[in-house]
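Colleague: Following this message is one structure expressed as structure tokens.
The values are calculated or read from the model by the stated rules, or taken from the named source; none is laboratory data. This structure is a prediction, so every number in the text was calculated from the model and none was measured. Here the Cβ is made from the backbone with ideal geometry for all residues, glycine too, and neighbour counts use every protein chain on show.
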Amino acid sequence: MSKCQYVLRPPRPGDLGWLVHRHGALYFQDEGYDPRFEAVVARVVSDFIFNFDAQKERCWIAERQGKMIGGVLLVKKSPRVAKLRMLLVEPGARGMGLGSRLVEECIGFARQAGYRKITLWTHQSLRAARRIYQRAGFKLVKQKKTHSFGRKLVDETWELQL
């Protein structure tokens, strides 16, 4: 398998724990977030597992040469609105279009599942993710200054009409 080839697959046991772990570690390393961020991710993942609706929700895990390199969740917010959650691309896998591909998978599934809109929450400092969302057609609809995860941040809500 070449450097850029990867597969997208459903999660297996342990994969969602990996997603929580990598969010905690990478966001501490890259953004200086404290452990409360990992706790938020763990809550989102736990809710996904306990409330999973196979008709309306999905998780994609990206794998290259047997190693997980990324993932994302699409969860039901309401009957007509989905929420994109926990987009992650490992540093060594960045720049090959994986983040955009994961977002495209979410959009395609959301349309197929009958959603009318996808929303997401991010931070202004996450420039690469914001570029992916913007290129996919998401629009910034709300910003709010906050102090979260031990940092001053600007929370953002983005939406895509389907």
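Colleague: Looking at region 103-162 only, could you name the residues that are under 27 Å from Asp53 (Cβ atoms) and among the hydroxyl-bearing types (Ser, Thr, Tyr)?
Modeller: Let us first name the residues in region 103-162 that are under 27 Å from Asp53 (Cβ atoms), namely 103-122, 129, 132-133, 136-139, 141-142, 155-162.
Correct list: Tyr115, Thr119, Thr122, Tyr133, Thr157.
Colleague: Only one of Ala110, Ala128 is over 19 Å from Leu16 (Cα atoms), in contact with a strand residue (DSSP E or B) (Cβ under 6 Å, 6 or more places away or on another chain), of a type outside the set (Val, Ile, Thr) and part of a helix (DSSP H, G or I). Can you tell me which? It would help to see each step written out before you state the result.
Modeller: Values: Ala128 fails: in contact with a strand residue (DSSP E or B) (Cβ under 6 Å, 6 or more places away or on another chain).
None of the others qualify; the one that does is Ala110.
Colleague: Still on this model: Quick check on region 94-128: of everything there that is modelled with pLDDT under 95, closer than 22 Å to Val41 by Cβ and hydrophobic (A, V, I, L, M, F, W, C), which residue is surrounded by the fewest Cβ atoms within 10 Å (Cβ to Cβ)?
Modeller: For region 94-128, the residue satisfying everything is Ala128.
Colleague: Looking at Val7, Val72, Val41 in this structure, which one is loosely packed, with under 15 Cβ neighbours inside 10 Å, in contact (Cβ under 8 Å) with a residue 24 or more places away in the chain and closer than 28 Å to Gln112 by Cα? It would help to see each step written out before you state the result.
Modeller: On the way: Val72 fails: loosely packed, with under 15 Cβ neighbours inside 10 Å; Val41 fails: loosely packed, with under 15 Cβ neighbours inside 10 Å.
Criteria check complete, one pass: Val7.
Colleague: Mind checking whether some residue in region 28-36 is touching a His at 6+ places or on another chain (Cβ under 8 Å), outside any strand (DSSP E or B), surrounded by 15 or more Cβ atoms within 10 Å (Cβ to Cβ) and not hydroxyl-bearing (Ser, Thr, Tyr)? Write out each step before concluding.
Modeller: Start the filter on region 28-36 by keeping residues that are touching a His at 6+ places or on another chain (Cβ under 8 Å), which leaves 31.
The next check asks that each one be outside any strand (DSSP E or B); those that pass are 31.
Within this subset, residues satisfying the condition of being surrounded by 15 or more Cβ atoms within 10 Å (Cβ to Cβ) are 31.
Then drop every residue that is not not hydroxyl-bearing (Ser, Thr, Tyr), which leaves 31.
For region 28-36, residues touching a His at 6+ places or on another chain (Cβ under 8 Å), outside any strand (DSSP E or B), surrounded by 15 or more Cβ atoms within 10 Å (Cβ to Cβ) and not hydroxyl-bearing (Ser, Thr, Tyr): present.
Colleague: Within region 1-27, track down each residue that is among the basic types (Lys, Arg), at pLDDT 95 or above and not in a helix (DSSP H, G or I).
Modeller: If we filter region 1-27 for residues that are among the basic types (Lys, Arg), which is where we start, we get 3, 9, 12, 22.
Now restrict to residues that are at pLDDT 95 or above: 9, 12, 22.
Within region 1-27, Arg9, Arg12 meet the criteria.
Colleague: Among the listed residues Ala82, Ala39, identify the single one that is modelled with pLDDT of 95 or more, outside any loop (DSSP other than H, G, I, E, B) and touching a Lys or Arg at 6+ places or on another chain (Cβ under 8 Å). Talk me through it step by step, then tell me what you get.
Modeller: Values: Ala39 fails: touching a Lys or Arg at 6+ places or on another chain (Cβ under 8 Å).
Answer to the check: Ala82.
Colleague: Only residues that are surrounded by 14 or more Cβ atoms within 10 Å (Cβ to Cβ), in contact with a Leu (Cβ under 8 Å, 6 or more places away or on another chain) and either of a type in the set (S, T, N, Q) or on the phi > 0 side of the Ramachandran plot (or both): list them for region 138-162, please.
Modeller: Thr157
Colleague: On the basis of being within 29 Å of Lys152 (Cα to Cα), in contact (Cβ under 8 Å) with a residue 24 or more places away in the chain and not in a helix (DSSP H, G or I), does Leu88 make the cut? Write out each step before concluding.
Modeller: Details: within 29 Å of Lys152 (Cα to Cα): yes; in contact (Cβ under 8 Å) with a residue 24 or more places away in the chain: yes; not in a helix (DSSP H, G or I): yes.
Yes, satisfied.
Colleague: What are the residue pairs meeting all of these: first residue in region 49-64, first residue more than 23 Å from Val89 (Cα to Cα), second residue outside any loop (DSSP other than H, G, I, E, B) and modelled with pLDDT of 95 or more, Cβ atoms under 7 Å, and 6 or more apart or on different chains?
Modeller: Here the result reads Asp53/Lys76; Lys56/Lys76, each pair linking region 49-64 to a residue that is outside any loop (DSSP other than H, G, I, E, B) and modelled with pLDDT of 95 or more.
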